[in-house]
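Shown next, in structure tokens, is the structure this report addresses.
The values are calculated or read from the model by the stated rules, or taken from the named source; none is laboratory data. Note that the structure is predicted; figures quoted are calculated from it, not measured. Ideal geometry is used to build each Cβ from the backbone, glycine not excepted, and the neighbour counts take in all protein chains shown.
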Amino acid sequence: MIHESDKVNDLVITESDLNFQKIYSKPYFPKGLEEDLKKANLLLLPYEGFKTTKGPVFPEQTMEFYKFIKNYDSNKLIGDICISDEDYAELELHADLITLSSMIVTMGVLPIATGLIANYLYQKIQERNHKTDLKVKVNITVVDGDKSKNIFYEGDAEKFEETLKTANEFNI
């Protein structure tokens, strides 16, 4: 099967102006869930204006990843999804590429989030009979005080954690 991506471990880190306050002001942000969502230090974010779709959409398997996050036992990481149940919509691309929902995290939980994502990807490799050529796209905005950076990884799922750990050593 031809992959949508042939990248091995492409990592791009850029400055960003996205922060939690901007997410809270988005039209899709569910005001009825505001109190609970503002407790989260990891939020899954939808695509806005993806191709011809109307309204926010999430990549396929987002709900599965969301449940994985919610089942993660951590006192430090509080994960949630930034949409109401009735507005949730998934975009199915049917590629042999796992595209995780974009997410925003606080700097303090980045190592935990990276490990959590790596565990999820490891589970996916196991489900696919230990296929190690599984490709992934991950987009994380890391908020550190009033600064933020965007981390975009595309490549082999099994190289994700190692690549982000190396980048973190250089003070993402």
Only listed residue being over 14 Å from VAL142 (Cα atoms), in contact with a Gly (Cβ under 7 Å, 6 or more places away or on another chain) and touching a residue at least 12 places away in the same chain (Cβ under 8 Å), chosen from ILE83, ILE69
ILE69
Qualifying strands (runs of 3 or more DSSP E) (wholly inside the stretch 101-172; at least 3 residues being closer than 15 Å to LYS7 by Cβ)
135-144, 147-156
Find the residue count for the stretch 27-37, including only residues that are surrounded by 13 or more Cβ atoms within 10 Å (Cβ to Cβ) and outside any helix (DSSP H, G or I).
3
Mind listing whichever residues of the stretch 47-80 are surrounded by 20 or more Cβ atoms within 10 Å (Cβ to Cβ), touching a Lys or Arg at 6+ places or on another chain (Cβ under 9 Å) and modelled with pLDDT of 95 or more?
GLY79
In the stretch 16-47, what residues are over 17 Å from the mean Cα position of the chain (by Cα) and under 25 Å from GLY115 (Cβ atoms)?
ASP36, LYS38, LYS39
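What do you reckon, is ILE172 touching a helix residue (DSSP H, G or I) at 6+ places or on another chain (Cβ under 8 Å), modelled with pLDDT of 95 or more, of a type outside the set (D, E, K, R) and under 25 Å from LEU43 (Cβ atoms)?
Answer is no for this residue.
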State which residue is farthest from ILE104 (Cα to Cα) when the search covers only the stretch 135-168 and only residues that are touching a residue at least 60 places away in the same chain (Cβ under 8 Å) and among the polar types (S, T, N, Q).
THR163
Single match in SER102, SER5, SER16 (criterion: under 30 Å from ASP133 (Cα atoms), modelled with pLDDT of 95 or more, surrounded by 15 or more Cβ atoms within 10 Å (Cβ to Cβ) and of a type in the set (S, T, N, Q))
SER102
For residues that are closer than 26 Å to ASP36 by Cα and assigned to a loop (DSSP other than H, G, I, E, B), tally how many sit in the stretch 69-99.
13
Residue list for the stretch 130-147, restricted to those being modelled with pLDDT of 95 or more and buried (at least 21 other Cβ atoms within 10 Å of the Cβ)
VAL138, ILE140, THR141, VAL142, VAL143
